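What follows is a short report on a single structure.
Bear in mind that the values in this text are calculations on the coordinates, not laboratory data. Source: prediction; values computed, not measured. Cβ coordinates were reconstructed from backbone atoms using ideal geometry, including for glycine residues, and neighbour counts include every protein chain displayed.
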Amino acid sequence: MTSRIKEVMIRKIWKIPVYFMLALIGASVVTAAAIHVLRSRSTTYVVLGTGHLIDGYHVVYGESLEARWIAQNFRLSSDGSFMLDLRCDYLSENPKQSKVYYSFDNISTLEVDLDYLGSVVLVKIEAVYEMKGFGDFAHGSLTEVIPIVPEFTDSKSCVIEYEGVFSADVDVTKVMNQAYGLGVQLSWIRIFIVKNEGTLYYQWLQSSSNVWGGKKLEVDKTYNNVSGKFSVYYPIPESLTSPLLPYEFDYVKWIRENT
């Protein structure tokens, strides 16, 4: 119980807007530790498979639930372009329970009869910078949250193929020269419907909870079959979902309009 509550709490703090977190605690301890690893300026690293694109208000982490991702092709280039062909596999049985977090002593468990409807994968690229004079570090967004509908999906897997660029207002050369590292955040949303009822449920899966716990790669190189694990959460009903703070991306609205 203690470890499960801890996992939930770690993810809930990322729902606090960045400016508020910096005002409260200066900067993330996890980020500072990660930057210590990526201190060399001779190479700008790309860390594929970081987390925190997740609706963390009511989700409950499933310790026994397993899933993985495999980047069949990946490249992030110094000209600001990136390519990602990603396969996601759910390795446990499809959920038969919904668990909802309300407080440390109030986690609701509901038996549900769910049919799988589809998936959406969310991607976001960020840079990490040193805050000179403060001794800490800050994140800088290089893209908005990018929602991607899979090319293929079934009840246990999905495959996406995506090519894109950083935001138009980003000076890529400056980023490459000044950033300690670039992170590619990955999250997978599995969509279910209650049989004979129609209520939608959303199951969240995210890459490493450690900001820099993914795979450290190099800019301007193409990689094949890089893999990592998802943290898996029990599905929550649509009525308890909310936009992704601090990004304010309404994933439920987007899913209903685009899938």
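Evaluate E = 1/(1 + (r/R0)^6) for T109 and E197, where r is the Cβ-Cβ distance and R0 equals 22 Å; express this FRET efficiency to the nearest 0.05. Mind dumping the intermediate values first?
Details: r = 18 Å, r/R0 = 0.82.
Computed FRET efficiency for T109 and E197 comes out at 0.75.
May I ask you to list the aspartates and glutamates whose Cα is less than 20 Å away from that of K195, ignoring any residue fewer than eight positions away on the same chain?
E93, E111, D113, D115, D154, E238
Tell me, what HN-Hα J-couplings in whole Hz come from the Karplus equation 6.51 cos²θ - 1.76 cosθ + 1.60 at θ = phi - 60° for each residue of region 242-247, using x for Gly and Pro?
7, x, 7, 7, x, 7
Based on the Cβ-Cβ distance from E93 to A138, what FRET efficiency comes out when R0 is 45 Å, to the nearest 0.05? Present the calculation step by step, with values, prior to reporting the outcome.
On the way: r = 41 Å, r/R0 = 0.91.
The computed FRET efficiency comes out at 0.65.
E248 to K156: extension gain in nm, 0.36 nm per residue of separation minus the Cα-Cα distance?
Result for the pair: 30.3 nm of gain on full extension.
With the cut-off at 1.5 for a/c, could you classify region 186-259 from its C-alpha gyration tensor as rounded, prolate or oblate?
Working: a/c = 2.30, a/b = 2.07, b/c = 1.11.
It comes out prolate by the Cα gyration axes.
Among the listed pairs K99/K229; K99/K215; K96/K216, which are separated by more than 27 Å between their Cα atoms? Kindly include the intermediate steps, with their values, before the conclusion.
Numbers: K99/K229 21 Å; K99/K215 30 Å; K96/K216 36 Å.
Correct reply: K99/K215; K96/K216.
Run the quick spin-label model on V165 and Q178: label points 7 Å from Cα toward the beta carbon, then report their separation in nm to one decimal.
With each label point 7 Å from Cα toward Cβ, the separation is 2.1 nm.
Quick check on packing: order 119-125, 83-89, 102-108 by the mean number of other C-beta atoms within 10 Å, highest mean leading. Each step should come with its number before you reach the end.
Details: 119-125: 22.9, 83-89: 19.0, 102-108: 10.1.
The most tightly packed comes first, giving 119-125, 83-89, 102-108.
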